[in-house]
Amino acid sequence: MRLPLWPASLAGRTAAVLLIGLVLVQGAGLTIHALDRLDVQRLAQMRDLAFRAVGLYRTMILTDPVHRAHVLNDMHRSDLGAVLSPVPPSVDMPEMPPPEQRLLRVHMNLLPVGAPAMRWQDLVIYGGGPMRSVVLGMRLPDGQWLNVTAHLEPLRPWHSPTFLVAFVLMTLAAALLTLWTVRRLIAPVRVLAEAAEGLGRDVNAPPLPEDGPSEVRTAAIAFNTMALRIRRFVQDRTELLTAIGHDLRTPITRLKLRAEFVEDDEQRAKILGDLEELEAMVSATLAFGRDARTTEPLSPIDLPELLRTILDETGDAWPDMQDRLRYEGPSHLTVQARPLSLKRAIVNLITNAIHYGGSAAVRLSVPDPGAVLVEVEDDGPGIPPAELDRVFEPFHRGEPSRSRETGGVGLGLPIARNIIRAHGGDVALANRSAGGLRVTVTLPV
Ligand SMILES: Nc1ncnc2c1ncn2[C@@H]1O[C@H](COP(=O)(O)OP(=O)(O)OP(=O)(O)O)[C@@H](O)[C@H]1O
Ligand SMILES: [Mg+2]
């Protein structure tokens with residue numbers, strides 16, 4: 001189940017769990033503290049009330065009944081109301097709740113003030129509980145009642161007003177510490193994710209620093225070892241490819257020499273043509289291997305500038321195509337790229353558009369802040385849907401382009417895709433509804 005506000009990141013989730021825990025623990029702590037304080041205050045109030053009521057009671061016992069009212073008036077009673085009456089107090093209040101009442105009774109009978117112990121029926125107690133006033137009726141030994149009214153101070157869950165401020169500040173400090181710690185602890189995961197992403201773009205990306213806590217160090221070492229193996233694997237493959245290409249050159253040259261001795265002119269021409277095609281494939285393979293080995297650093301380039309340069313150079317190479325080349329888009333936009341490789345990739349796409357589509361319209365746009373889109377469109381026949389994926393396979397050429405005229409070997413698209421993927425982007429082909437092919441290149445900014 002997905003909670004709507006539940007954070008998506010590991011750091012966010014960890015922080016959320018810890019913060020919820022912190023709030024629960026602090027809330028429970030505050031409640032326990034407040035309940036304890038309320039208990040202590042209640043106890044103190046009961047003791048105080050018991051002490052003062054018993055004091056009055058004792059004085060009344062020791063006083064002649066005739067003078068009692070007079071003495072009672074003269075006594076300092078602060079906020080305690082007291083009257084003598086022939087009957088117990090009659091008030092519109094419930095009896096004091098049992099736990100509190102028992103507490104008060106015990107206190108009144110335990111106080112060492114020298115008064116005779118009060119029997120249960122000689123004492124009635126009303127109020128208490130959530131009500132802050134208490135009415136006590138105490139029967140004196142001669143049957144008269146001493147009725148006392150007391151107003152208790154409201155209970156406060158904490159004593160000083162700064163307590164709550166200090167408590168909130170303490171909780172905030174703990175929350176900040178939690179957030180900071182989580183960020184620090186999760187940082188290596190982010191670094192690892194970025195490194196994995198970087199490795200996808202460039203197998204020669206610099207290794208991760210192998211430091212920090214032991215788990216992070218172990219993960220970094222494992223990652224670097226994996227990157228090294230991938231690098232070696234890729235290197236071995238390209239070296240194998242170039243070695244084969246290299247070794248094929250000598251027999252091809254030999255065959256070309258031998259072909260010269262073929263008597264039949266037509267056969268000789270065909271054999272030489274095939275051998276030339278083979279040679280072109282071998283040199284393309286060698287160039288491909290060379291590209292894979294040279295690692296050009298990423299640098300900021302002005303993409304529109306690069307596109308216009310390519311179009312200009314294409315126009316110079318095919319002067320009759322000049323008015324069929326177009327650029328549309330912003331005049332300046334800086335992206336991080338490997339200038340020579342990216343140029344080769346786009347040249348391959350534009351050359352294809354010219355060869356197979358007879359025109360090239362290049363459009364640059366920035367659909368969202370994280371990516372730029374380069375579209376290369378032509379007015380040719382497009383590519384049959386079934387072929388759309390296969391044209392990216394090395395040496396795959398469409399049937400009509402088999403003729404030697406275009407001079408291609410079928411490495412243009414695979415090379416372009418390799419380069420663009422190494423930049424963290426991708427390339428897609430689609431047939432336009434108006435006819436012709438649209439090649440869409442996405443590049444991260
Ligand atoms: N714009 C296009 N319109 C129609 N077909 C295309 C287009 N671009 C590529 N193709 C088809 O895809 C095939 C593969 O293209 P790719 O660029 O990989 O090789 P190539 O152009 O044949 O040779 P190279 O580019 O190595 O000289 C081409 O042979 C062609 O059939
Ligand atoms: Mg091509």
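The values are calculated or read from the model by the stated rules, or taken from the named source; none is laboratory data. Remember, it's a predicted structure, so these values are computed and weren't measured experimentally. Every residue, glycine among them, receives a Cβ derived from its backbone with ideal geometry; neighbour counts consider all protein chains shown.
Would you confirm, using the coordinates I've provided, whether Val83 is touching a strand residue (DSSP E or B) at 6+ places or on another chain (Cβ under 6 Å), in contact (Cβ under 8 Å) with a residue 60 or more places away in the chain and either surrounded by fewer than 16 Cβ atoms within 10 Å (Cβ to Cβ) or assigned to a loop (DSSP other than H, G, I, E, B) (or both)? For Val83, the condition - touching a strand residue (DSSP E or B) at 6+ places or on another chain (Cβ under 6 Å), in contact (Cβ under 8 Å) with a residue 60 or more places away in the chain and either surrounded by fewer than 16 Cβ atoms within 10 Å (Cβ to Cβ) or assigned to a loop (DSSP other than H, G, I, E, B) (or both) - is met.
Using the structure shown, decide if Val372 is crowded, with 19+ Cβ neighbours inside 10 Å, more than 28 Å from Pro319 (Cα to Cα) and more than 11 Å from ligand 2 (Cβ to nearest atom). Break it down stepwise before answering.
Values: crowded, with 19+ Cβ neighbours inside 10 Å: yes; more than 28 Å from Pro319 (Cα to Cα): yes; more than 11 Å from ligand 2 (Cβ to nearest atom): yes.
Judged against the criteria, Val372 is a match.
In this structure, is Gly315 among the small types (Gly, Ala, Ser), farther than 18 Å from Val409 by Cβ, within 16 Å of ligand 2 (Cβ to nearest atom) and in contact with a helix residue (DSSP H, G or I) (Cβ under 9 Å, 6 or more places away or on another chain)? No.
So is Leu38 under 23 Å from Met131 (Cα atoms), touching a residue at least 24 places away in the same chain (Cβ under 8 Å) and not acidic (Asp, Glu) or not? Against the criterion (under 23 Å from Met131 (Cα atoms), touching a residue at least 24 places away in the same chain (Cβ under 8 Å) and not acidic (Asp, Glu)), Leu38 qualifies. For region 1-35, filtered to residues that are aliphatic (A, V, I, L, M) and in a loop (DSSP other than H, G, I, E, B), the residue that is farthest from Val135 (Cα to Cα) is Ala8.
Could you tell me whether Pro207 is modelled with pLDDT of 85 or more, assigned to a loop (DSSP other than H, G, I, E, B) and either surrounded by 15 or more Cβ atoms within 10 Å (Cβ to Cβ) or out of contact with any His (no Cβ under 8 Å at 6 or more places or on another chain) (or both)?
Details: modelled with pLDDT of 85 or more: yes; assigned to a loop (DSSP other than H, G, I, E, B): yes; either surrounded by 15 or more Cβ atoms within 10 Å (Cβ to Cβ) or out of contact with any His (no Cβ under 8 Å at 6 or more places or on another chain) (or both): yes.
Against the criterion (modelled with pLDDT of 85 or more, assigned to a loop (DSSP other than H, G, I, E, B) and either surrounded by 15 or more Cβ atoms within 10 Å (Cβ to Cβ) or out of contact with any His (no Cβ under 8 Å at 6 or more places or on another chain) (or both)), Pro207 qualifies.
Look at Thr149 and say whether it is of a type in the set (Ser, Thr, Tyr), touching a residue at least 60 places away in the same chain (Cβ under 8 Å) and in contact with a helix residue (DSSP H, G or I) (Cβ under 7 Å, 6 or more places away or on another chain). The answer is no for Thr149.
As a summary of the residue check, Pro157 satisfies the conditions (1) in the same structural domain as Val54 (by TED's automatic domain parsing); (2) in a loop (DSSP other than H, G, I, E, B) except for the one numbered (1). Counting the residues of region 38-67 that are within 60 Å of the chain's Cα centre (by Cα) and crowded, with 16+ Cβ neighbours inside 10 Å gives 6. Can you confirm whether region 86-104 contains a residue that is crowded, with 17+ Cβ neighbours inside 10 Å and assigned to a strand (DSSP E or B)? No: region 86-104 contains no residue that is crowded, with 17+ Cβ neighbours inside 10 Å and assigned to a strand (DSSP E or B). Evaluating Phe261 against the criteria (1) over 30 Å from Ala187 (Cα atoms); (2) modelled with pLDDT of 90 or more; (3) part of a helix (DSSP H, G or I) leaves one unmet condition, (3).
Restricting Ala53, Ala82, Ala117, Ala34 to those that are hydrophobic (A, V, I, L, M, F, W, C), touching a Pro at 6+ places or on another chain (Cβ under 8 Å) and either modelled with pLDDT of 90 or more or farther than 25 Å from Pro157 by Cα (or both) reduces the list to Ala34.
Examine region 325-336 for a residue that is near ligand 1 (Cβ under 10 Å from one of its atoms) and either more than 36 Å from the chain's Cα centre (by Cα) or over 16 Å from Ala428 (Cα atoms) (or both), and state whether such a residue exists. No, there is no match, as no residue in region 325-336 is near ligand 1 (Cβ under 10 Å from one of its atoms) and either more than 36 Å from the chain's Cα centre (by Cα) or over 16 Å from Ala428 (Cα atoms) (or both). Here Ala422 fulfils each of the conditions (1) within 16 Å of ligand 2 (Cβ to nearest atom); (2) modelled with pLDDT under 85; (3) closer than 16 Å to Arg344 by Cβ apart from (1).
Looking for whichever is in a helix (DSSP H, G or I) and in contact (Cβ under 8 Å) with a residue 40 or more places away in the chain here; the options are Ile186, Ile252, Ile221. Which one fits? Step through it out loud before you land on a result.
Working: Ile252 fails: in contact (Cβ under 8 Å) with a residue 40 or more places away in the chain; Ile221 fails: in contact (Cβ under 8 Å) with a residue 40 or more places away in the chain.
Criteria check complete, one pass: Ile186.
Sub-8 Å Cβ pairs linking a first residue in region 263-279 that is under 21 Å from Ile244 (Cα atoms) to a second residue that is loosely packed, with under 11 Cβ neighbours inside 10 Å, at least 6 apart or interchain, number zero.
Candidates Leu275, Leu298, Leu248, Leu311: the one that is within 16 Å of ligand 1 (Cβ to nearest atom) and either surrounded by 15 or more Cβ atoms within 10 Å (Cβ to Cβ) or under 22 Å from Ile419 (Cβ atoms) (or both) is Leu311. Among the conditions (1) surrounded by fewer than 19 Cβ atoms within 10 Å (Cβ to Cβ); (2) hydrophobic (A, V, I, L, M, F, W, C); (3) within 14 Å of ligand 2 (Cβ to nearest atom), the only one that Leu388 does not satisfy is (3).
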